[in-house]
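Below is one structure, written out as structure tokens; comments come after it.
The values are calculated or read from the model by the stated rules, or taken from the named source; none is laboratory data. Quantities reported herein were computed from a predicted structural model and do not represent experimental measurements. No Cβ is skipped: glycine too gets one built from the backbone with ideal geometry, and neighbour counts run over all protein chains shown.
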């Protein structure tokens with residue numbers, strides 16, 4: 001008697017592979033919308049790309065971030081972060097300050113930079129809320145529950161948590177203790193950065 005294998009689509013390994021593949025496609029499509037033609041690319045230079053937009057977004061949340069931390073959070077080397085801050089400063093979006101008694105230069109948003117961060121957060125929220133708003137309430141609730149569980153798996157430490165959340169609106173998740181990424185990362189020591 002000939003044995004038959006179950007259809008590929010019902011095989012557990014295939015279902016996991018299919019889920020991972022679809023999730024990857026969703027991540028790419030969302031990223032394209034957030035930083036592409038409908039997202040950051042519509043902004044004036046220099047915040048028309050992900051790294052500059054992330055720096056402005058983070059500085060709204062963390063005013064006065066020291067240069068090394070800002071560099072790590074947006075995934076740049078120290079020298080690349082200096083060049084980025086130079087561009088943002090030339091555009092009137094940020095200022096550098098060295099507080100009395102501090103060795104590191106801190107970066108702050110100007111009023112123009114704060115306005116840019118607000119526009120970035122609004123555009124991001126509109127794009128994402130439009131997509132999830134098309135789901136039924138029950139599906140949104142399920143997706144929120146699952147997304148929170150997945151988000152808790154993302155950060156290895158606080159540096160990476162800040163990198164993951166670099167374009168987030170810092171109060172959309174509530175307080176820091178309500179953010180699923182920060183809940184996990186806050187007690188993890190930071191790994192050495194290159």
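Descriptive notes on the structure:
- Any hit, the stretch 146-161, residues being in a helix (DSSP H, G or I) and over 27 Å from residue 36 (Cβ atoms): yes
- Picking from residues in the stretch 31-58 that are assigned to a helix (DSSP H, G or I) and out of contact with any helix residue (DSSP H, G or I) (no Cβ under 7 Å at 6 or more places or on another chain), the one that is nearest to residue 118 (Cα to Cα) is 42.
- Selection status of residue 30, within 13 Å of residue 94 (Cα to Cα), modelled with pLDDT of 90 or more and surrounded by 14 or more Cβ atoms within 10 Å (Cβ to Cβ): no
- Complete set of residues in the stretch 166-194 that are closer than 28 Å to residue 78 by Cα, buried (at least 17 other Cβ atoms within 10 Å of the Cβ), in contact with a helix residue (DSSP H, G or I) (Cβ under 6 Å, 6 or more places away or on another chain) and without any contact (Cβ under 8 Å) to a residue 40 or more places away in the chain: 181, 182, 185
- Scan of the stretch 131-162 for residues that are in contact (Cβ under 8 Å) with a residue 60 or more places away in the chain and either exposed (fewer than 15 other Cβ atoms within 10 Å of the Cβ) or in contact with a strand residue (DSSP E or B) (Cβ under 7 Å, 6 or more places away or on another chain) (or both), ordered by number: 131
- Pairs are defined by a Cβ separation below 8 Å, a sequence spacing of at least 6 or placement on different chains, a first member in the stretch 102-120 that is free of Cβ contacts under 8 Å to residues at least 24 places away in the same chain, and a second member that is outside any helix (DSSP H, G or I) and surrounded by fewer than 14 Cβ atoms within 10 Å (Cβ to Cβ); the pairs so defined are 110/92; 112/92.
- Note on the stretch 68-90: residues that are surrounded by fewer than 18 Cβ atoms within 10 Å (Cβ to Cβ) and either touching a strand residue (DSSP E or B) at 6+ places or on another chain (Cβ under 8 Å) or not in a loop (DSSP other than H, G, I, E, B) (or both) total 10.
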